[in-house]
Amino acid sequence: MNSNSPDEAIITFKDVVKRYPGAATPALDVKSFSINRGEFFSILGPSGSGKTTALRLIAGFEHADSGRIFIGDQDVTDVPPYRRDINTVFQSYALFPHYTMQENVAYPLKMAGVRAEERKKRVNEALEMVAMEKMADRFPHQVSGGQRQRVALARAFVGRPKVLLLDEPLSALDLNLRQQMQHVLVDLQRKIGITFVYVTHDQGEALSMSSRVAVVNGGRIQQLDTPSNIYYEPTSRFVAQFIGKSNLVSANVKYENGEPLATVCGEQFPLPGAKRDGPVNLGIRFESLTVTPGGERRPNEIALPGQVSDVLFLGHTCEVKVRCRDQEFIAFAPAYKDGNLRHDQEVLVSFKPSDCVLFDD
Amino acid sequence: MTNAVLAAPIESPRRVGLFRPGTLLPQVPMFVWLAILVLLPNVLLIGVSFLKSVGGNVVFDPTIENYARAFQSSGVWWLLLRTIAVAALSTTIAAVIAYPMAYYAARILQRGRFMALLLVIIPLWISLLMRIFAWRVILGEKGVLNTFLLQMGFISQPSSAFLYNSVAVFLTFVYVAIPFIFIAVYSAIERIPQDLVEAANDCGASRWKSFQTVIWPLSKPGLAIGLSLAFLMAVGDYITPSMVGGLNGTMLGMVIASQFGIAGNWPYGSALAVILLVAVSIVLLLVFRFSRVPGILVGEGGGGSAVRAKPMSFAGKLKAYGAFLLFCLPYAFLYAPLILIALFSFNTATVQVLPLEGLTLHWYQEVLNNAALLAALNRSLLVGLCVLAISVIAGTGFAILFAYGKVAGAKWLESLLTLPVAIPGVVLGITLVLVFQLLSVPVGIWRLVLGHSTFVMPVVMMTVLARLRRLDPALVEASSDLGARYGSTLWNVILPLARSSIIGGALLGFTLSVDEVVVSQFLTGTQPTLPVWVWNQMRFGFTPSVNAIFVCIGLLSIVLTLIARQFLETNKKAA
């Protein structure tokens, strides 16, 4: 369908630094990276991490202090927002209060000088795509938040921009509506084939919808990878803790016969990734740990004896906190109507060494 | 039917009652106020306009003679037309100056926005009379303008062309209107969230296009309010025309006022007032019709100027400096008369001509020895404080009633209570004379206090009501949920939160009362307030002490405002 190669860059950052007046550290300071044509790209990070700044730089609302930004081959660093072929879905939706839904969606087409007939047709199409055709004549204050959100979306894609920027567009919606909208977004992106750049602090949204995710913190990109790699192979402590639920385990590494061996709570196992002697940090996901009531050891797994200190019943599963010597582990254990683990029960916590992730920091 | 359903907002804010359900008692004072101070005066005006005048006395003998006389007189038509035209045109010119100024201050100025606003407001505190008088000093035959032109060699002898004509009236109206329009437009533009402008840019609208499609439509209602206020002030003003207008600058307001003074024909004056009122209403209706914008700007705050996106080129910088200079120009226009007042207050000569003769503090000393002036000042302050007390209590009370009392037809009642603000000064003065005469309120302080309250109370009420409407309705629910009775919710939750708006409204109202001259002239009798006293001085022998006292009042009000602002700021930080 698309003649362009799948990895053709549509947006490229080259050593971009943005500093706000009066701030000690730059809001954004990134080396080179690209967003590819047609992909659903997420920028994920806590508030104040620089993710919105990145978006505003792409849209043209902010100007980089140094470095260049490209759309395709064109350097757009100095191009004003209204000459960029990019549209934004604002966090506040920013619907024009004095225009109806229809007029709001028609706005970018009007600015582009599209003829009235054609305009009407495309506005109707766009409103249908977000299931808002029945509310075309209402004003923004007459519809609900979710409906406003959908119209803001329609307004952003009706002009068929090269890239659609979405700034936490779902943050004002309730859980049900948010899940509905996630499906709408993914569906839409497939249908219209526009590149989506999606900014969010919600890891669930980022992982479920994106083809690639950039995790940012402190103005820097911490990791840029596919959702599953981000989830299973976080390269830093920050990413591991920000995404999903991970135990942070301190281990001691020692070389024996040239093989690095890690010691955790007295148990030794090979840790091929380790590069030096001494204490290191390991990450193990909650779901990679198995808690069994005493005795039986499983093959190829490391088992640490411990004592249950806390059990949280979550419905489909239990979150079990186990104390092994001086460290605490949290694991997911299957929940049963009765016969769950009890407080103070002696257990074994076991895991595969290959599920451990070694952090650089 | 379906349309009505569609138009209903999805999330209409709930208002929990602050009052015991079912009791109408709290509404009684509001209806009494409405009946006596708003409806009765206007009913009387219309009533009297259908009566006869015999030898200066009103006789009960229904007739349409007064209207017939007015309609047959080409002079009245001509005067009405000119009055409306001069007021409308001067207001429009003022808007052409004030709108770009307000836009610049609210959107482009990066720093010093409060100063820009304050500098426009300050002239409003210097008595209207003084500012008008200063224009006479500038435009007169021995005035500043003539002196300047003579010295530059543009003219060979002093020209009388500047003063005592419509142009002088016109110029003075423009001068008086600029601050009102600026404030109204500034607050409208400042409220427009920046992300709407960004969204427009994002959709491909250039700067000019985004102004045209976003800023302009959303600021139109604010502009309409500013235009209406300025228009009302001009149309109901008979002071300015008689000071700078001369014979050629006569306006309808002067004729109406004279029917209640020298001419002594109240019914005819009332008929003229009704005619003026109808004409003004038509103009205002048109203004609001053209400024109507569908939709509601939801959410507050936002605003703010565009962040300068990228470093500017040399040409860009040049343009920016040019724009800044243009922005500063109207300030020179606003301050020239004020500076003259200050200069003449130190001048040894009693005649107000340039160049200054010599410096003296004599006039400041004389203020302290001028018993009549001090008595007038005292009276003004006394009236102002009484008006303040009545207006704050009534205005705050009515605002709370409308916000939380579930009053039937609240919208209509609110508009009716604010009606006196929308009546030209000269007409309001007449209606009040009529009602006080009927109820035999003694001439003097009481008439002034009640009369001023009719237009100061709505100012306080609207300020407080605007604040209450923006409060989270859940606060009252939370308070009663936590066990507070009606009274303690009022005392512990509503009043503290409304405090800054009450103070703001009160300050504004106090200034309005102390500076009022058009309405006061009708109510004051033999014991004048300060502005009325000054007005008499200007006609029958002027002393530069008046300059001195207004310099003092001006400085005092600036200091007080700065202190009040400091106080409110610290309060905000503490909260």
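Just a few scattered comments:
- Over the protein assembly as shown: helical MRE at 222 nm, DSSP H runs n ≥ 4 each giving -39500 (n - 2.57), nearest 500: -16000 deg cm²/dmol
- Student exercise, chain A dipole from Lys, Arg, Asp, Glu Cβ charges, in Debye to nearest 20: 1160 debye
- Separation of the stretch B:422-447 and the stretch A:223-247, taken as the distance between their Cα centroids, equals 78 angstrom.
- Computed from Cα positions, the angle between helix A:101-111 and the longest principal axis of chain A comes to roughly 70 degrees.
- Under the convention that each Lys and Arg Cβ holds +1 and each Asp and Glu Cβ holds -1, the size of the dipole of the protein assembly as shown around its Cα centre is about 1900 debye.
- Hydrophobic long helices, here whole DSSP H runs in chain B with Kyte-Doolittle means of at least 1.0 and Cα atoms spread over 18 Å or more along the helix axis, are found at B:74-103, B:113-125, B:166-191, B:216-235, B:266-290, B:314-344, B:371-404, B:425-438, B:495-515, B:545-574.
- Think of chain B as having a plus end and a minus end, set by charges on the Cβ of Lys, Arg, Asp and Glu; of B:Pro442, B:Ala410, B:Ala315, B:Ala315 sits farthest toward the positive end of this dipole.
- The stretch B:453-549: Rg to Rh, with Rh as the Kirkwood radius over Cα pairs: 1.25
- Per-residue shielding of A:108-117, expressed as the average number of other chain Cβ atoms within 10 Å of the residue Cβ, stands at 3.
- Exposure proxy for A:Arg19, A:Arg190: other Cβ atoms within 10 Å of each Cβ, ordered fewest to most, give A:Arg190, A:Arg19.
- Charge-dipole axis of the protein assembly as shown as Lys and Arg at +1 and Asp and Glu at -1 on Cβ define it, positive-most pick from A:Cys356, A:Ser92, A:Ser47: A:Ser92
- Scaling against 2.2 N^0.38 Å puts the C-alpha radius of gyration of the protein assembly as shown at 1.24.
- All Cα pairs of chain A, percent lying beyond 27 Å: 58 percent
- Taking Cα centre as origin and charging only the Cβ of basic (Lys, Arg, +1) and acidic (Asp, Glu, -1) residues, the dipole magnitude of chain B rounds to 980 debye.
- A compact globular protein would have a Cα radius of gyration near 2.2 N^0.38 Å; the ratio found for the stretch A:41-139 is 1.30.
- D_trans [Stokes-Einstein, Kirkwood Rh over alpha-carbon pairs] for chain B, 4 °C, 1.567 mPa s, µm² s⁻¹: 50 µm²/s
- Projecting the Cα positions of A:Pro260, A:Ile230, A:Ser211 onto the charge dipole of the stretch A:190-266 (unit charges on Cβ atoms of Lys, Arg, Asp and Glu, taken about the Cα centre) puts A:Ser211 furthest along the positive direction.
- 0 to 90° range, to nearest 10: angle between helix A:145-157 axis and chain A longest Cα axis: 70 degrees
- Cα gyration tensor, the stretch B:362-575 - rounded (a/c under 1.5), prolate or oblate: oblate
- Gain upon complete extension [A:Tyr255, A:Gln241; 0.36 nm per residue less C-alpha separation]: 2.2 nm
- Near-label residues of the stretch A:36-64 by backbone N, under 11 Å of a point 7 Å along Cα→Cβ of A:Ser171: A:45-53
- Distance between the modelled labels on B:Leu81 and A:Glu301, one decimal in nanometres: 10.1 nm (7 Å Cα→Cβ projection).
- Global geometry of the stretch B:186-277, whether rounded, prolate or oblate, following the gyration tensor of its Cα atoms and the 1.5 cut on a/c: prolate
- For the stretch B:43-133, the convex hull drawn through the C-alpha positions has a volume of 187 cubic angstrom per residue.
- Antiparallel bridges, percent of DSSP beta bridges restricted to chain A (to nearest 5): 75 percent
- The C-alpha atoms of chain A define a longest principal axis, and helix A:175-192 lies at about 60 degrees to it.
Quick note: the coordinates plus some simple rules give every number you see, no bench work behind them. Worth saying up front: this structure is predicted, and the values here are computed from it rather than measured. Neighbour counts run over all protein chains shown; Cβ positions are idealised from the backbone, glycine included.
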